[in-house]
Amino acid sequence: MITLPLANFLAQPVGVSQFVIVGAIMFTCGVVCMATKRNALGILMGIELVLNGANVNFIAFGSPYLRNDAGSLGMDGQLMSLFVIVLAAAEAAVALAIALNFYNNFNSIDVDRASQLQG
Amino acid sequence: MDTSIYWPTFLFWFFAAVCCMFAIGVVLATNIVRMAFYLVLSLAASSGLFFLAGAYFVGAMQLMIYVGGTLVLLIFGVMLTSQAKFVSMKTSQFDWTLATLAGFCLLAVLISAALANPEWRGLERAEAEALGIPQTATPLGMGLLGARVDAPKRSGYLLVFEIVSVHLLVVLVGAAYLARAKRKRSAAVG
């Protein structure tokens, strides 16, 4: 058995907080990605990161290992994650079809070129 | 007080570090192919996080659907829309500063909310080790069909299941139609 000189950092189970922090970092990375990328597919990747951050949150709140009290989501957390994964896949497919059409018409994937409807 | 390494915690920090590092890599990379690859690694690591939280079925579905399906689709999209020598599209410095500032504010709010609740700090080690391995696939399947065997007072998910199934069919048809190869019309028509 490996023992640690420092107390308790790796000896205690993690809780919901740590999972939520990971989800928050992924969500923020996705938002910054959506805000700064000019490539339409880069924006799509930001969307995937955002949805995955939310998924980590759902799983954390529904996990029996992280919180065992009455306020836990239980199986609802995992069910909602499944639906988020399925809907994200569907939305990525449609967004890619739109991006492909845009590329075929303008020969550029730069979203700054999509300014024809600009007032 | 048991001070030996609790391996699930070690594995959590490992997967969390990989996930966050590659998510930050997606933001900072300029080459679209590298962004796609870092995204694949980030989502695969988050699947590891799902396994650690006891959601085995969702973790497996994440690997199959997200990593093996959606991201492969994204990489095909990258290949189909790549321009000559990866024309670099740089965002202005002003936009970057504004976005990073907003991102840090958002992150600060979220992290302070995450650390605020003392009930979310985690179970005691003895309590966590006493929990067995819960069986989640069968209750998930029954819940999707409307019968909640894990928490009988909660409602089932049959309607959502049907809606999502029809949604997937519609998306399949719609995306195939949107992305079809169009025949070029001849110049002189009637």
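The values are calculated or read from the model by the stated rules, or taken from the named source; none is laboratory data. Just so it is clear, the model here is predicted, and its values are computed rather than measured. In this analysis, Cβ positions are derived from the backbone assuming ideal geometry, glycine residues included, and neighbour counts consider all displayed protein chains. With ligands, DNA and RNA removed, areas are computed over all heavy atoms of the protein, side chains included. Shrake-Rupley method; radii C 1.70, N 1.55, O 1.52, S 1.80 Å.
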Degrees between helix A:16-36 axis and first principal axis of chain A (Cα, 0 to 90, nearest 10): 10
Among B:Glu162, B:Glu129, B:Glu119, residue whose mean-square fluctuation peaks in a GNM of chain B (springs only between Cα atoms under 10 Å): B:Glu119
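Efficiency by 1/(1 + (r/R0)^6): what FRET value for B:Ile65 and B:Ala181, r their Cβ-Cβ distance, R0 = 41 Å, to the nearest 0.05?
Numbers: r = 26 Å, r/R0 = 0.64.
Plugging the Cβ-Cβ distance into 1/(1 + (r/R0)^6) gives 0.95.
How many times 2.2 N^0.38 Å is the alpha carbon radius of gyration of segment B:53-190? The partial results should precede the final answer.
On the way: Rg = 24.1 Å, N = 138, 2.2 N^0.38 = 14.3 Å.
Against the empirical 2.2 N^0.38 Å value, I get 1.68 for segment B:53-190.
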Extension gain from B:Ala102 to B:Val173, taking 0.36 nm per residue of separation minus the Cα-Cα distance: 21.8 nm
Reciprocal of mean inverse Cα separation for segment B:79-154 (Kirkwood radius, Å): 18.7
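Of all the accessible heavy-atom surface of segment B:39-110, with the other protein chains kept in place and a 1.4 Å probe, what percent is carbon and sulfur?
Details: 2920 of 3670 Å².
Carbon with sulfur: 80 percent of the solvent-accessible area.
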Percent of Cα-Cα distances greater than 25 Å, calculated over chain A: 44
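For the pair A and B, how large is the buried accessible area, both sides, in square angstrom to the nearest 100, if the probe is 1.4 Å?
Working: alone 8700 and 15670 Å², together 16450 Å².
Adding both sides of the contact gives about 7900 Å².
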Candidates B:Ser92, B:Ser82, B:Ser155: whichever shows maximal mean-square fluctuation once chain B is modelled as a Gaussian network with Cα springs under 10 Å: B:Ser92
Rounded, prolate or oblate (a/c below 1.5 giving rounded, otherwise prolate when a/b exceeds b/c) for segment B:1-103 by Cα gyration tensor: oblate
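Compactness ratio of segment B:1-41: Cα Rg over 2.2 N^0.38 Å, N = residue count?
That works out to 1.62 for segment B:1-41.
Determine the equivalent ellipsoid of the protein assembly as shown by diagonalising the alpha-carbon gyration tensor, then write out the semi-axes as square roots of 5 times the eigenvalues, largest first, rounded to whole Å. The partial results should precede the final answer.
Details: eigenvalues 305, 125, 47 Å².
The equivalent ellipsoid of the protein assembly as shown has semi-axes of 39, 25, 15 Å.
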Helix runs (DSSP H) in chain B reaching 24 Å along axis by Cα, Kyte-Doolittle at least 1.0: B:7-28, B:32-52, B:93-114, B:158-178
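Quick one, what does Rg over Rh come out to for segment B:114-161 if you take C-alpha atoms and the Kirkwood Rh?
Working: Rg = 15.2 Å, Rh = 13.2 Å.
Reported Rg/Rh (Cα atoms, Kirkwood Rh): 1.15.
Which sequence of B:Trp7, B:Trp13, B:Trp120 reflects their accessible areas, 1.4 Å probe, from the largest down?
On the way: B:Trp7 125, B:Trp13 95, B:Trp120 40 Å².
If we order B:Trp7, B:Trp13, B:Trp120 from most to least accessible, we get B:Trp7, B:Trp13, B:Trp120.
Between B:Leu115 and B:Phe94, what FRET efficiency comes out of the Förster formula 1/(1 + (r/R0)^6) with R0 = 22 Å and r the beta carbon distance, rounded to 0.05?
Numbers: r = 32 Å, r/R0 = 1.46.
Efficiency, from the Cβ-Cβ distance: 0.10.
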Residue-count net charge about A:Asp112 - beta-carbon cut-off 14 Å; Lys, Arg +1, Asp, Glu -1: +2
Cut-off 13 Å, label 7 Å out along Cα→Cβ of B:Glu127, residues of segment A:71-114 by amide N: A:71-72
Compactness of segment B:56-112, expressed as Rg and Dmax over alpha-carbon positions, Å: 17.6, 45
Structure-based [θ]222 nm, chain A - -39500 (n - 2.57) summed over DSSP H runs of at least 4, per residue, nearest 500: -22500 deg cm²/dmol
Helix A:75-106 vs. chain A, principal-axis angle (Cα, 0 to 90°, nearest 10): 20
